[in-house]
Structures are given as structure tokens and as C-alpha cells.
């Protein structure tokens, strides 16, 4: 149920009484930035999920470990970049 225009006006008036008119632009700006960050996070998670599905449901790290095991590369105590460089060398 959507509030009517008179209810919205009342809510705005109460907000101005509590917080003051100078905080209204700051609040609107911060809400806009939060919305943008939220949408960016949603887009990033979709991309990661689609990439994981392309790898058969595995994360990038799990796929790297599997490739290293197949190539006989020890991954213990190594970073992902170190393992990748060893796989490229072979």
C-alpha cells in the first residue's frame, strides 16, 4: 500500500523537524551512493556466479588447485600467483 501525497508530506515535515533542512541533501546523497554501491555489488556477484557456473560450479581457486594436482604441482604454502606461474612454466 503506497502512502498518499498528504502522508508523504507529513513524513517529510516530521523529518525536517527532527533532523533539520540542512541534512536533507546529505541524506539524499548518501542514499544515492548506497544504492549505487548495492547495485554494483549485485552486478559483481552475478558475474562471479556466472563465471563459477562456466567452470562447472567451482571457484577460481578450486579450479586452480585441481589443475595443479593434475600437473603434479604442490600448492601447500603457495599463493595463487605462485601456483599459476609454476603451471605456466610446465
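The values are calculated or read from the model by the stated rules, or taken from the named source; none is laboratory data. Bear in mind that the values here come from a model prediction, so they are computed numbers and not experimental data. FYI the Cβ positions are ideal-geometry reconstructions off the backbone, even for glycines, and counts take in every protein chain you see.
At-a-glance table
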{"read-out": "Total residues in the range 40-70, condition over 22 Å from the mean Cα position of the chain (by Cα) and loosely packed, with under 12 Cβ neighbours inside 10 Å", "value": "2"}
{"read-out": "Inter-residue pairs, beta-carbon under 7 Å, first surrounded by 11 or more Cβ atoms within 10 Å (Cβ to Cβ) and in the range 79-90, second at pLDDT 85 or above and part of a helix (DSSP H, G or I), 6+ apart", "value": "80/64; 83/64; 83/68; 84/64; 87/67; 87/68; 87/71"}
